[in-house]
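Shown next, in structure tokens, is the structure this report addresses.
The values are calculated or read from the model by the stated rules, or taken from the named source; none is laboratory data. Keep in mind that this is a model prediction, so the values were computed, not measured. A quick note on method: Cβ atoms are made from the backbone with ideal geometry, for glycine too, and the neighbour counts reach across all protein chains shown.
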């Protein structure tokens, strides 16, 4: 995967006169900034993602991890006919809440290809959609080339979960989705007011069709992670959803089997106080709407 990711990031975000090393040194500095924000365990201001170097750092550090994190949820659903029915559609549509750079599409493309899928259409619903737009061609290309999927498209739509009812554009995307994901987002949102999050989530869940597969995974290192997944679980059960996977407050460890590519390994380490994580501790939830 990194054989595809690293040159794509360099091509998209570096300037024509920069050497690879010079560009990656700038990305390393941006990565340290990003890590400080994540370690604060406070909601991250959307402004930080307006910096293209921050987005480049995010892709190199997190895209592989989050692809495997979401893939782990999909792997755990093996043997569930309800999940297979949703995922085996020839033309599959994913709505990724707070999907950022779109790692969900990369993970889903692998399974969809195995199930005989022909077209995967992913829509990122994110407050920062305007910032992430230049990352989607990278993720969609990786999803298609790495997994040898026939066709993967990745697009986006600005969504403010706490800003009121869904827009007509949101309504259309959610009504057509067969898979709805919420990965690494509820932990931050809950800190902004759980009742507002409840209302925003409930409005979106109401638009999903029966049989839609709802998938969630959040990182356990954030204090509001379990609160967010508990809220989502409650809303799903109120709608009669059948729960297929639920860690029930337990922490699940996901190994980054991709490792760190030698081409960028020097950017990380104890000396930089930003080690490249090999293990991600997460919590998972999956359900099918009635």
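Does residue 95 satisfy the criteria of being within 14 Å of residue 143 (Cα to Cα) and in contact with a helix residue (DSSP H, G or I) (Cβ under 7 Å, 6 or more places away or on another chain)? It is false that residue 95 is within 14 Å of residue 143 (Cα to Cα) and in contact with a helix residue (DSSP H, G or I) (Cβ under 7 Å, 6 or more places away or on another chain). Between 94, 74, the distinction of being crowded, with 17+ Cβ neighbours inside 10 Å, touching a strand residue (DSSP E or B) at 6+ places or on another chain (Cβ under 9 Å), at pLDDT 95 or above and closer than 19 Å to residue 258 by Cβ belongs to 74 only.
Give the residue that is farthest from residue 61 (Cα to Cα), with candidates limited to residues of segment 228-242 that are surrounded by 14 or more Cβ atoms within 10 Å (Cβ to Cβ) and in contact (Cβ under 8 Å) with a residue 40 or more places away in the chain. Step by step, filter segment 228-242, then rank; the result is 239. Listed here are the helices (runs of 4 or more DSSP H) enclosed by segment 129-210 that have at least 3 residues being modelled with pLDDT of 95 or more and in contact with a strand residue (DSSP E or B) (Cβ under 6 Å, 6 or more places away or on another chain): 136-147, 168-176.
Screening residue 225 with (1) modelled with pLDDT of 90 or more; (2) more than 23 Å from residue 47 (Cβ to Cβ); (3) surrounded by 15 or more Cβ atoms within 10 Å (Cβ to Cβ); (4) touching a strand residue (DSSP E or B) at 6+ places or on another chain (Cβ under 8 Å) gives one miss only, at (1). Of all residues in segment 47-70, at least one satisfies being part of a helix (DSSP H, G or I), in contact with a helix residue (DSSP H, G or I) (Cβ under 6 Å, 6 or more places away or on another chain) and free of Cβ contacts under 8 Å to residues at least 24 places away in the same chain.
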